[in-house]
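Heads up, the thing below is written out as structure tokens.
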Amino acid sequence: MHETPLFSYALRLADNALILGHRMSEWIGHSPVLEEDLALGNMGLDLIGQARAFYAYAGEIEGKGRDEDKLAYLRDAKDWRNVLLVEQPNGDFAATMIRQLLFAAYAHPLYAALTKSKDASLAAIAAKAEKEMAYHVRHSGEWVIRLGDGTEESHERAQAALDELYAYSTELFESDDVERALIDAGIAADPAALRPEWERTVNHIFSEATLKTPPQSFAQTGGRTGRHSEHLGYILADMQFLQRTYPGAAW
Amino acid sequence: MYTQALNVKDEPAAAGDPVLEARFQAHVDAELKIEPNDWMPEGYRKTLTRQISQHAHSEIVGMLPEGNWITRAPTLRRKAALLAKVQDEGGHGLYLYSAAETLGTSREQMFEQLLSGKAKYSSIFNYPTLTWADIGAIGWLVDGAAIMNQIPLCRCSYGPYARAMIRICKEESFHQRQGYEIMMTLARGTPEQKAMAQDALNRWWWPSVMMFGPSDSDSQHSDQTMRWKIKRFSNDDLRQKFIDATVPQGHFIGLEFPDKDLKFNEETKHWDFGEIDWTEFKRVIAGDGPCNKQRMKQRRAAHDNGRWVREAALAYAEKRRNREAAAKIAAE
């Protein structure tokens, strides 16, 4: 399938947001405290909203009549472009908050950079998303600190979650030819350039939380080009079930 | 919805201070609000605490059947709307618990009562959500019935409850329209979708009609709650109002109600309806509905699995307070 780099890029942004939003939505009704049902719901809504905007734009770029739902509901796993981090299971509350922090601390400077994109549509979506992700960094960061510096049990859980998920952050800062051309054209943000700020943010929080930043280890990557973990298939099976069972129906 | 608690009869309250009680009743009769610090009869406090907390519990348990379908919602628009709706319910729970707390019972105590089975929640949530159409049916019928019950509660004599209800009603009426719109889309969709909508109506209709509680002739509640202006209309009046409003909506989108006796009465200008199966109602309330055990199991699991998180938050807050206090002493 031949795609323009801009279409692929918009799709990557959309898929990251939707899959993480989907994961957040799995918590609703099951979270540790009512206030968190609301907060996790809010973050899920932010992310799903961002995904919809990016999908709509991707569909427009592609020009083949695929709308947000065709893009979200009718692609198989190999055509999904999200990073592996966002499809990882929710695990316990510590794992969810660590995952959210690792992603939001990357997405926040990413969207900040994209507000200066030469592509006006990306810049407009990013302007709204940037504010939302600033809140996600704050909320997940506060929880990571509470859990890391809370009880012995919460500390152990937070450290275990960090140890398990940290390696997935490597993929956030990779770029390929698709992005390279867009970065040179001033359209996409250079992921490598976001890393110093990401490190400052997460390391500050980890130190407040008395958590140890894990050493760099081998990192699975490949989500952006459609090589996913086993988890994505289950998400899609759930998400796409109605559209797949009743092809062509309007909902 | 959720006024099930008012169908339970309290033991007669111990005789209170007649002067205070007369002053209280005059205040209520004058349609003035009772506020948390005002004197109130113990029975009033008890009835309201039970009523508001059961209402809150219903919102929280009600998140589960609908939450089922967030990950499977058929479009992104529906997914966002359902997520927002379930989140609204959590919000309703939160401010209802706050309203109940003004009467002197903590949220933790109320939670314990729910989890131990001592406190009830609306029985409607013990029915399963089997298809996407159930999300439409819940919005249209369950929220529709809730609104009938809740609009009068906006004028409830207890200020914090009445004010919470004003906001809740606005959101519920939005949910009701959203649910009806889902049903309309299905009813006008493919034959499979229409069958899905009809099946949902078949399963949710009678439980929704039962949400108003026992018939007035069998209702255990005294007219005390009416005198206190907590409840303003009888169960049967509200039920009739709901049926009158809902039946034409269903017919408009081409759905049939599962009641062969449903007929418009030209004389009374109301819809006559068939016999309600109160045996089922009592059975579900008593704990033998299709999902009573699952719902409580899920609520308990969320509570138990979250305990270490709540403990961590408390421990961290305590550490922080101690550090701040130590820093203050060091600075002096």
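Throughout, read-outs are computed from the coordinates displayed, never taken from laboratory work. Because the structure is predicted, anything quoted here is derived from the model rather than measured. Cβ placement follows ideal geometry from the backbone for every residue including glycine, while neighbour counts extend to all protein chains displayed.
The table below lists the values:
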{"read-out": "Where the Cα pairs of chain A fall when distances are cut into 5 Å bins, in %", "value": "1, 6, 13, 18, 20, 18, 12, 7, 3, 1, 0"}
{"read-out": "Centroid-to-centroid separation of the stretch A:202-219 and the stretch B:87-129 [C-alpha atoms, Å]", "value": "39"}
{"read-out": "Kirkwood-type radius of chain B, with distances r between different C-alpha atoms, in Å", "value": "21.5"}
{"read-out": "Taking N as its residue count, the alpha carbon Rg of the stretch B:6-130 over 2.2 N^0.38 Å", "value": "1.33"}
{"read-out": "B:K328/B:H27 FRET efficiency (R0 35 Å; Cβ-Cβ; nearest 0.05)", "value": "0.15"}
{"read-out": "Other protein chain Cβ atoms within 10 Å, averaged over every residue that makes up A:148-158", "value": "5"}
{"read-out": "Separation of alpha-carbon centers, the stretch A:232-249 and the stretch A:1-53, rounded to whole Å", "value": "17"}
{"read-out": "Average beta carbon contacts from partner chains per residue of B:64-73, 10 Å cutoff", "value": "5"}
{"read-out": "Calculated over the stretch B:235-312: convex hull of Cα atoms, volume per residue (Å³)", "value": "173"}
{"read-out": "Computed FRET value (nearest 0.05) for B:K46 with B:L115, which takes r as the C-beta separation and R₀ as 30 Å", "value": "0.90"}
{"read-out": "Average beta-carbon neighbours from other chains, 10 Å sphere, peptide B:312-322", "value": "5"}
{"read-out": "Label-to-label distance, nm, for residues given as A:A181 and A:Y234 (7 Å Cα→Cβ offset)", "value": "3.8"}
{"read-out": "Estimated [θ] at 222 nm from DSSP helical runs (n ≥ 4, -39500 (n - 2.57)) normalised by residues in the protein assembly as shown, nearest 500", "value": "-21000 deg cm²/dmol"}
{"read-out": "At q = 0.12, 0.20 Å⁻¹, base-10 log of I(q)/I(0) for the stretch B:58-144 (Debye sum, equal scatterers on each alpha carbon)", "value": "-0.41, -0.95"}
{"read-out": "About the Cα centre, charge dipole magnitude for the stretch A:131-207 (Lys/Arg +1, Asp/Glu -1 at Cβ), debye", "value": "360"}
{"read-out": "Too-long pairs where the Cα-Cα distance tops 29 Å, listed order kept, from B:K120/B:K241; A:K70/A:K118; A:K116/B:K79", "value": "A:K116/B:K79"}
{"read-out": "Extension gain (nm, one decimal) between B:D288 and B:D261, 0.36 nm per residue minus Cα-Cα", "value": "7.0 nm"}
